[in-house]
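The values are calculated or read from the model by the stated rules, or taken from the named source; none is laboratory data. Everything numeric in this text was worked out from a predicted model, so none of it was measured. Because the Cβ atoms are built from the backbone with ideal geometry, glycine has one as well, and the counts that use them run over all protein chains shown. Only protein heavy atoms, including side chains, enter the accessible area calculation; ligands, DNA and RNA are left aside. Shrake-Rupley method; radii C 1.70, N 1.55, O 1.52, S 1.80 Å.
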Amino acid sequence: MVATLEFDDIQGLVARGYGTLESATFVLLRIDDPASARAWLGVLAGEVATAERGDRSEAVHVALTHSGLRGLGLPEGSLAGFPDEFTGGMTTDHRRRILGDVGENAPERWRWGGPANPVDAVLLLYAEDQARLGTLAERHAGPAALRAAGLAEVQRLDTSPLAGTEPFGFRDGISQPLIAELGPPDQPGPPLHTVRAGEFVLGYQNQYGQVAESPTVAAADDPGRVLARIGDQDRADLGRNGSYLVLRQLGQDVDGFRRFVDQASRGQADGQADANDFGYADGDAAGLGCPLGAHIRRANPRDALDPQAGPEQSVRSVNRHRLLRRGRAYGDPSDPGERGIHFICLNANIARQFEFVQHTWLNNPKFAGLYDDTDPLVATHQGNDGRTFTVQARPLRQRVTGLPAFVTVRGGAYFLMPGIRALRFLAGLPTAPDEDPSRRTP
Amino acid sequence: MPHQVALTIRAPIKPGQTGALKRLLTEMADPAGGRAIPFERLETTHFARLFVLDEVDGGLGGGAGPPIPASLVYMSDVDAPVWRHLVALVRVGGARLDDVFAHCEGWPAGSASTWQRVAWLRARRIKTDVVYVNTVGRSVAQVHGERRLRQAIEEFLDAKQAEWGTSDPVQIHAAVRRFVAGRPDLRWALEPARGPGLAFRLRSTFHKIGGPVLVLLVSPLLLVLLPVWAVLLRRHERRDMPDDPIPPGRERLHELADLEDHVVQNPFTAVGVAKPGRFRFLTMLIVLRAANYGTRHIFNHGSLTRVRTIHFARWVAIDDRRRLIFASSYDGSLESYMDEFIDKVAWGLNAVFSNGAGYPRTRWLVLDGANDEPAFKAFLRNRQLPTQVWYSAYDDLTTANIENNAAIRAGLAGPEAPTRSQAEAWLARF
């Protein structure tokens with residue numbers, strides 16, 4: 001049975017990446033005055049784009065970190081009910097190890113999201129063109145608007161207009177999972193790409209056929225019955241129709257990458273493809289067409305996941321680790337300054353999805369039976385490890401050693417992108433008795 | 001080549017010393033701390049670990065019973081014979097080993113001899129119920145040697161890869177063989193690895209045949225008992241009380257996570273309480289016997305019911321079989337380890353662990369149970385113990401790497417002139 005999604009309660013970014021809204025900016029915020037911030041969120045809840053159908057010329061989305069939820073006054077009992085990765089955030093020792101955020105990539109060096117520059121919320125603004133985006137940004141995140149909302153800007157992440165390629169020159173975003181419940185019920189999508197809604201939205205069945213644990217609040221804390229009741233009516237569902245949003249700013253060394261590729265390939269690098277209806281198990285199990293350790297084989301192993309390659313086992317395993325990617329590139333191709341990608345993905349279980357892909361597939365030197373190869377494009381190497389890239393060939397492989405890191409992490413955080421009702425609930429939270437006066441601006 | 005042995009030693013900790021011992025173990029886990037036991041000098045040790053089983057006051061699982069004092073557990077996976085490992089452990093461990101075991105009752109410290117210490121350890125050795133060895137007969141020396149072999153050949157090939165891009169694979173194979181033959185430190189690789197000794201193989205064969213013969217002999221009885229057992233099983237399963245699927249608290253999770261994902265392998269250690277009653281006692285006994293047979297004779301070469309990422313694993317029943325320890329060394333993260341188990345052997349997990357209190361509800365011993373992903377993961381996490389000291393003799397190698405290295409060596413030790421397709425397949429291993 002396919003459940004119907006509550007489109008009017010889900011933020012629209014889950015359903016679409018806004019290919020027609022080519023301009024976007026992401027504003028990272030700190031909550032200074034909880035009371036004003038709640039009032040701001042209440043108004044914003046009415047303006048956030050939902051997942052309902054319809055053409056849009058602009059879209060606004062909002063997501064909150066664990067510290068942001070605390071800042072708004074969510075009771076401690078509810079704050080404790082979130083999964084550990086969301087509560088602790090990206091910067092705990094264990095998460096640093098999983099994500100490879102050490103050395104050059106350590107959170108101490110980040111521009112935002114690190115210990116020195118934490119973030120409470122992100123406002124995601126999309127518009128048809130730069131002019132409209134300017135107006136939208138002024139209205140929502142201009143100095144006057146932020147002051148009135150009791151917020152301070154930590155960092156503004158501008159993006160470059162959609163061009164179809166990321167800064168290294170690759171086509172990006174071709175392979176996305178299809179949400180089963182979004183398609184017409186009588187025409188199921190291809191099994192390779194079709195995934196249950198519960199993998200991305202809380203409150204629905206996931207690939208295990210289960211509805212995942214969702215953060216809740218005590219029913220008594222929601223006297224206005226803004227949220228849906230669960231269990232014996234004594235808890236209210238705060239997570240329902242929400243999604244966890246992962247945001248990471250990845251600086252890309254475009255010149256370094258091009259120099260390296262030219263040298264390693266002696267100028268033979270070529271080709272772009274946008275096919276998506278393919279596997280590896282049948283025609284390219286040995287990696288002679290696409291190397292075993294290549295970025296696209298790691299990010300989505302399709303039907304070739306060790307040790308049970310094939311359209312059933314492998315795809316079933318892989319589809320428990322899919323991400324809805326919503327990132328955008330930044331930086332000007334004609335400008336020698338910093339370029340990169342604001343990586344965004346949505347998932348229902350950060351540990352099983354985003355972190356698993358990062359740790360077990362991208363950063364794993366042992367992926368696909370390899371020894372010391374990490375993702376040649378996006379892995380952040382540590383010391384001398386993981387700097388090999390093997391190009392399988394007959395009769396003899398070509399091995400590139402001493403691969404430089406082309407990507408540097410500049411910032412990152414885990415957010416909850418709540419459903420609309422959850423936003424209204426948060427906006428209506430009472431003033432906490434111990435509300436931190438230091439957060440208030442004088 | 002020797003076979004492998006799972007050694008388990010359990011010793012009660014002196015009253016009031018548990019906290020101090022845990023702090024010491026934490027210090028020892030830090031390689032820079034200067035207090036670690038130099039396990040790398042124990043040449044026949046694959047893996048080793050030290051952890052503390054906390055005191056249980058009152059009965060297990062809320063029942064009545066005498067308290068169980070806290071104990072220290074030492075586990076290692078070693079190449080036979082065990083006595084050689086123990087002697088080396090005492091000699092190499094020296095004062096640091098004394099520091100650890102001095103927290104236990106009766107450790108012969110000070111001027112006691114190596115043999116007195118070995119005897120003390122042997123006296124506290126407990127039986128391991130089920131042992132899984134990824135590949136029986138592969139010694140530490142073999143793993144280390146084949147790692148060096150592969151590295152040397154890879155570097156040799158690096159220098160030639162531009163030149164040999166279109167060469168005949170048979171000729172490349174021959175060139176590599178000449179290279180290895182010319183290296184005195186690698187020449188051994190031209191001989192195939194030898195399997196375990198004759199005595200081990202004879203014992204193993206006897207056990208392999210003996211098991212089914214025994215089952216066959218009592219089969220008429222089994223036929224009668226099986227329906228009774230099935231009815232009882234269903235009755236128990238309906239009455240069982242699964243735990244709420246709530247993972248451990250944040251502090252505990254962090255304590256566990258701090259010890260994970262430092263290298264490509266991880267240790268897993270957990271202890272659970274058996275469900276009360278004679279029925280579960282017997283069922284667990286039989287299941288463990290069957291599992292022991294399976295790991296010895298069926299899953300002894302590279303795969304534990306299709307899970308290929310485990311180097312070593314064991315089940316040890318303790319406290320009159322009222323508790324069960326599970327310990328393993330595996331590749332990758334705990335999350336992927338648990339996922340792989342759920343995907344491939346939910347039935348096997350159910351058969352063993354459903355005799356443990358709080359396990360997600362099963363049907364017919366093997367159905368449901370672990371398929372409830374969050375409940376199963378919470379069950380394991382809630383029983384997991386911090387593996388405070390853990391050593392791996394080759395923490396940079398996955399089971400896939402070790403297997404590939406062995407195949408590279410086998411390809412050299414095989415026929416001097418392989419066919420073209422054999423040579424091609426062999427070269428694809430680099």
- Query: Any idea which of B:Ala119, B:Ala123, B:Ala141 is touching a residue at least 60 places away in the same chain (Cβ under 8 Å), closer than 30 Å to B:Ile9 by Cβ and open to solvent by 40 Å² or more (accessible area, probe 1.4 Å)?
  - Reply: B:Ala141
- Search result, residues across region A:309-323 that are assigned to a helix (DSSP H, G or I) and more than 9 Å from chain B (Cβ to nearest Cβ): A:Ser314, A:Val315, A:Val318
- Is it the case that some residue within region A:194-208 is surrounded by fewer than 13 Cβ atoms within 10 Å (Cβ to Cβ) and out of contact with any Ser or Thr (no Cβ under 7 Å at 6 or more places or on another chain)? no
- Does region A:10-56 hold any residues that are more than 20 Å from the chain's Cα centre (by Cα), modelled with pLDDT of 95 or more and not hydrophobic (A, V, I, L, M, F, W, C), and which are they? A:Asp32, A:Asp33, A:Pro34, A:Ser36, A:Arg38, A:Gly42, A:Gly46, A:Glu47
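Table: residues versus (1) at pLDDT 95 or above; (2) of a type in the set (A, V, I, L, M); (3) over 23 Å from the mean Cα position of the chain (by Cα); (4) within 30 Å of A:Gly19 (Cα to Cα).
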{"position": "A:Gln155", "(1), (2), (3), (4)": "yes, no, no, yes"}
{"position": "A:Glu166", "(1), (2), (3), (4)": "no, no, no, yes"}
{"position": "A:Ala180", "(1), (2), (3), (4)": "no, yes, no, yes"}
{"position": "A:Asp186", "(1), (2), (3), (4)": "no, no, yes, yes"}
{"position": "A:Asp234", "(1), (2), (3), (4)": "no, no, yes, no"}
- Message: Among the residues of region B:13-20, are any in contact with a Lys or Arg (Cβ under 9 Å, 6 or more places away or on another chain) and either among the aliphatic types (A, V, I, L, M) or modelled with pLDDT of 95 or more (or both)?
- Response: no
- For residues that are within 14 Å of chain B (Cβ to nearest Cβ) and crowded, with 20+ Cβ neighbours inside 10 Å, tally how many sit in region A:95-121. 5
- Return the only residue of A:Leu157, A:Leu44, A:Leu64, A:Leu74 being open to solvent by less than 40 Å² (accessible area, probe 1.4 Å) and closer than 16 Å to A:Arg410 by Cα. A:Leu157
- Near pairs, Cβ below 9 angstrom, 6+ apart or cross-chain, from region B:13-38 (without any contact (Cβ under 8 Å) to a residue 12 or more places away in the chain) to any residue that is among the aliphatic types (A, V, I, L, M): B:Glu27/B:Ala36; B:Asp30/B:Ala36
- Message: I'm checking my understanding of the structure. Among residues of region A:292-308 that are open to solvent by 40 Å² or more (accessible area, probe 1.4 Å) and within 13 Å of another protein chain (Cβ to nearest Cβ), which one is farthest from A:Ala368 (Cα to Cα)?
- Response: A:Gln308
- Going through (1) among the β-branched types (Val, Ile, Thr); (2) open to solvent by less than 20 Å² (accessible area, probe 1.4 Å); (3) more than 27 Å from A:Glu312 (Cβ to Cβ); (4) out of contact with any strand residue (DSSP E or B) (no Cβ under 7 Å at 6 or more places or on another chain) one by one, B:Val307 fails only at (3)
- Would you check if B:Ala189 is part of a loop (DSSP other than H, G, I, E, B), surrounded by 12 or more Cβ atoms within 10 Å (Cβ to Cβ) and touching a helix residue (DSSP H, G or I) at 6+ places or on another chain (Cβ under 7 Å)? no
- Task: Take region B:402-423 and flag every residue that is at the interface with chain A (Cβ under 10 Å from one of its Cβ atoms), crowded, with 17+ Cβ neighbours inside 10 Å and under 19 Å from B:Trp164 (Cα atoms).
- Result: B:Ala423
- Query: Only one residue in B:Arg250, B:Arg201, B:Arg194 is touching a Gly at 6+ places or on another chain (Cβ under 9 Å) and closer than 30 Å to A:Thr92 by Cα, so which one is that?
  - Reply: B:Arg250
- Message: Given the options B:Leu233, B:Leu259, name the one that is in a loop (DSSP other than H, G, I, E, B) and in contact with a Ser or Thr (Cβ under 9 Å, 6 or more places away or on another chain).
- Response: B:Leu259
- Item | Leading residue by the ranking (nearest to the other protein chains (Cβ to nearest Cβ)) among those in region B:314-338 that are under 19 Å from B:Asn134 (Cα atoms) and assigned to a helix (DSSP H, G or I) | B:Ser336
- Pairs, please: C-beta under 9 Å, at least 6 apart or cross-chain, first residue among the small types (Gly, Ala, Ser) and in region A:190-218, second open to solvent by less than 10 Å² (accessible area, probe 1.4 Å) and in a strand (DSSP E or B)? A:Ala218/A:Ala236
- Task: Inspect all residues belonging to region A:332-345 and state whether any of them is in contact (Cβ under 8 Å) with a residue 24 or more places away in the chain, in contact with a His (Cβ under 9 Å, 6 or more places away or on another chain) and either surrounded by fewer than 23 Cβ atoms within 10 Å (Cβ to Cβ) or under 20 Å from B:Asp261 (Cα atoms) (or both).
- Result: no
- With criteria (1) within 14 Å of chain A (Cβ to nearest Cβ); (2) part of a helix (DSSP H, G or I), B:His311 comes up short on (2)
- Query: Quick check: anything in region A:122-141 under 23 Å from the mean Cα position of the chain (by Cα), within 14 Å of chain B (Cβ to nearest Cβ) and open to solvent by 10 Å² or more (accessible area, probe 1.4 Å)?
  - Reply: no
- Task: State all residues of region B:250-278 that are facing chain A (nearest Cβ under 10 Å) and in contact with a helix residue (DSSP H, G or I) (Cβ under 8 Å, 6 or more places away or on another chain); if no residue qualifies, say none.
- Result: B:Arg250, B:Leu253, B:His254, B:Leu256, B:Ala257, B:Asp258, B:Leu259, B:Glu260, B:Asp261, B:His262
